[in-house]
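Worksheet for the structure shown next.
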Amino acid sequence: MKLEKRPLGSTGFNATILGIGDLADRSVPLDRCVMTLHRAMDFGLNLIDTAPGYESGYSEEIVGAALRGRREGMFVVDKIDELDQAVAPQVEASLRRLQMEWVDLFVFHGLSSLKQWTKLTAPGGGMEQLSRTVAAGRARFRGISCHHPEVLQQAITSGLCDVVMFPIGPYCDARYLEVVLPLARQAGVGSICFKTFGAGKLLGDTTGYNRPLEIRPRGKFSSGGRDTDFEPTLPRLGVAECLHYTLTAGPDVALLGLSFPNEQDAVFEALADFQPLTGEAMKETRKRAVRAMEAKGPCWWNPPEPPSDNS
């Protein structure tokens, strides 16, 4: 199957519509993680995301090992985790773990407030420091990874970001889809989107990233004339439903974890069956996502109010 590519904003890079997200797990040996990453690359994916905070640098080590001898044609995204600390030392530490001289994009990770954005863009602040990193050839582009629609709007219109990273999926605030994404397209800013599966909450009974629910609803069923306790499966969506929703929304890249071969296979199968959803199907998927999120803990990527179902 030929994998569709789209221009990543105005960067000049044509990115595959699926990107490789963090797949680090310290319980899994490095060579196996590298093989899993290579498997996604062999399928054709050409954008990969990492960060120093993912398993305390293990993710960067995996990416560096996997791209040794295979760097050409790959777009590497790394992050600056500590927003209040100097940029250059963080960049250099990441490059050492990656064993690379430069990466394509560094983004400030997890901006959550307008106050943080204001501080970041002040004279001598992080964005100015990151510009010096780009000028020094240690990165080609700059941007932010953000869970705040208003911050994203300011970042896009500021002209300071080449790429922005933000949530788009069945259970994401409507402004990401209705305001932020069109604004990024208009401004020529690349869009890399995550939370397609709601940190796994939409696919299973978890508070996120495979963490078990602390309190699971219990019930009873009859077996052999007696009642037996059981833990029912909560409502959930399928991989195809979630992925088709995000692909229909149409960011430049849908960034997925793809941490294990079986997860990759499920995504690749869903991609092969993709047809853009109708407006009514998108609306119905959002409604089902609201039900699937119940009793699974807070969604940190959304404002306090539940996302609109656009009804």
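The values are calculated or read from the model by the stated rules, or taken from the named source; none is laboratory data. Quick caveat, the model's predicted, so the values are computed rather than measured. In this analysis, Cβ positions are derived from the backbone assuming ideal geometry, glycine residues included, and neighbour counts consider all displayed protein chains.
At-a-glance table
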item: Among (1) within 18 Å of the chain's Cα centre (by Cα); (2) farther than 14 Å from G238 by Cβ; (3) modelled with pLDDT of 95 or more, the one test that G279 misses; result: (1)
item: Single condition R226 does not satisfy, out of (1) surrounded by fewer than 21 Cβ atoms within 10 Å (Cβ to Cβ); (2) under 29 Å from the mean Cα position of the chain (by Cα); (3) at pLDDT below 95; result: (2)
item: Those residues of the stretch 184-205 which are part of a loop (DSSP other than H, G, I, E, B) and within 28 Å of L160 (Cα to Cα), in sequence order; result: G188, V189, K195, T196
item: The stretch 233-261, residues that are in a loop (DSSP other than H, G, I, E, B) and under 12 Å from L202 (Cβ atoms); result: L234, P235, R236, L237, G238
item: Residues of the stretch 163-177 that turn out to be over 15 Å from the mean Cα position of the chain (by Cα) and without any contact (Cβ under 8 Å) to a residue 40 or more places away in the chain, as a count; result: 1
item: G19, sole failed condition from (1) touching a helix residue (DSSP H, G or I) at 6+ places or on another chain (Cβ under 7 Å); (2) buried (at least 23 other Cβ atoms within 10 Å of the Cβ); (3) under 25 Å from V164 (Cβ atoms); result: (1)
item: Any hit, the stretch 164-177, residues being over 30 Å from G69 (Cβ atoms), part of a helix (DSSP H, G or I) and in contact with a Gly (Cβ under 6 Å, 6 or more places away or on another chain); result: no
item: Any hit, the stretch 80-95, residues being closer than 25 Å to I17 by Cβ and either of a type in the set (A, V, I, L, M) or in contact with a Pro (Cβ under 9 Å, 6 or more places away or on another chain) (or both); result: no
item: Elements of type helices (runs of 4 or more DSSP H) contained in the stretch 76-162, each with 3 or more residues being at negative phi, more than 22 Å from the chain's Cα centre (by Cα) and surrounded by fewer than 21 Cβ atoms within 10 Å (Cβ to Cβ); result: 87-98, 114-120, 126-135
item: Among (1) more than 23 Å from A184 (Cα to Cα); (2) modelled with pLDDT of 95 or more; (3) of a type outside the set (D, E, K, R) - the single one Y54 does not satisfy; result: (2)
item: Qualifying positions in the stretch 37-56 - in a helix (DSSP H, G or I) and of a type in the set (D, E); result: D42
item: Per-region count, the stretch 247-279, residues among the β-branched types (V, I, T), surrounded by 16 or more Cβ atoms within 10 Å (Cβ to Cβ) and without any contact (Cβ under 8 Å) to a residue 40 or more places away in the chain; result: 1
item: Subset tally (residues that are farther than 14 Å from V267 by Cβ and either among the hydrophobic types (A, V, I, L, M, F, W, C) or surrounded by 14 or more Cβ atoms within 10 Å (Cβ to Cβ) (or both)) for the stretch 42-57; result: 11
